[in-house]
Amino acid sequence: MSTFSNTLAFIGGGNMASAIIGGLIRQGMKPEQILVVEPFAETAAKLLSDFGITALSAADPSLSRADLVVWAVKPQVFSEAAAPVMPFTRSALHLSVAAGIRTDSICRWLGTNRVVRCMPNTPALVGQGMTGLFPCPTVTLADQALVERVISTTGKFLWLQQESQLDAVTALSGSGPAYVFYFLEAMTEAGASMGLSAAQAYQLAVATFSGASSLAAASTEPAEVLRQRVTSKGGTTYAAITALETSGVKASFVKAMHAAEVRARELGDEFGKA
């Protein structure tokens, strides 16, 4: 098992922080190498029971030991959370998972340009996440390698050339699990209305999404070709796809993701002014 020589600090100890912490510990990092600032007692208690980490209720000088600070806070509280942390972490590398908050705001609040923004998603909780990453120009290759090592414990990652692309990542993969769950709800409802039990329908739907995703990942062909392969004209799948097209589902789905991208930009405007 690999070992980490770095010390990491997490500002916020909720689900996304726990996903990363769990991955790090599975890869050999010791709990004493991880600092967490978490003011909520219930969340702090869970960190202790799950990982043996005693969380700090507020920032203190121990944060100066951190090589990397992971910001796992809600966008609306980022600037407030940054103020007490900044004096201890100016020399650290910073990784933000806060949706929408842009690097210029983060750099201003933290007094450093060593900042990487990322947009993960909730499958990180089971090691199947997808994370988009964007580095400030002053972030070194060594810094990027450290970020990669940390994020890879939660799944896959993709570096982006433009920060604005993170809004698209937010709309596509960041919010994407909710779209999958939405379709799982619909498939379960349909299956139950056709005589299956809800449990049977849900089992079939989940396995179908998982299997189709694995098939797409293993194939070099685009999704359109894979879809056409199972859509014989006049068959059952053709009937279903025709109904979806007639109802404008694809166009509505694309419109929905554009709405998510717009909201991601709005978050940066709304909470990045402080």
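Here are the numbers for the structure shown:
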read-out	value
Check: the chain dipole with +1 on Lys, Arg Cβ and -1 on Asp, Glu Cβ, in debye	320
Positive-pole candidate from Ala55, Val77, Val116, dipole of region 47-192, charges at beta carbon	Val116
Beta bridge orientation in the chain: antiparallel %, DSSP, nearest 5	15
Residue-count net charge about Leu196 - beta-carbon cut-off 15 Å; Lys, Arg +1, Asp, Glu -1	-2
Peptide ranges 212-222, 72-82 listed from the most packed, as the mean C-beta count within 10 angstrom indicates	72-82, 212-222
Considering only region 8-163, percent of DSSP beta bridges that pair antiparallel, nearest 5	15
24 Å Cα-Cα reach of Lys250 towards lysines, excluding residues that sit fewer than 8 places from it in its own chain	Lys233
Val73 long-range amide H proximity, modeled H, under 5 Å	Val97, Ala98
Within region 176-266: Cβ-based charge dipole about Cα centre, in debye rounded to nearest 20 (Lys, Arg +1; Asp, Glu -1)	140
Three semi-axes of the equivalent ellipsoid, region 176-266, Cα gyration tensor, whole Å, largest first	23, 19, 16
Translational diffusion of region 8-163, µm² s⁻¹ [Kirkwood Rh, Cα pairs; Stokes-Einstein; 4 °C; 1.567 mPa s]	85
J(HN,Hα) series, region 99-106, from Karplus relation 6.51 cos²θ - 1.76 cosθ + 1.60, nearest Hz, glycine and proline x	4, x, 6, 7, 5, 5, 5, 4
For Ala17, net neighbour charge (Lys/Arg +1, Asp/Glu -1) across residues whose Cβ lies under 13 Å away	0
Peptide ranges 87-94, 9-16 listed from the most packed, as the mean C-beta count within 10 angstrom indicates	9-16, 87-94
Net dipole in debye of region 48-166 [+1 Lys, Arg Cβ; -1 Asp, Glu Cβ; about Cα centre; nearest 20]	120
Cα-based radius of gyration of the chain once divided by 2.2 N^0.38 Å, which approximates compact folds	1.14
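Any read-out appearing in this document is the output of simple, stated calculations on the displayed coordinates, not a laboratory observation. Please read all numbers here as calculations on a predicted model, not as lab measurements. So basically every Cβ, Gly included, is an ideal-geometry build from the backbone, and we count neighbours across all protein chains shown.
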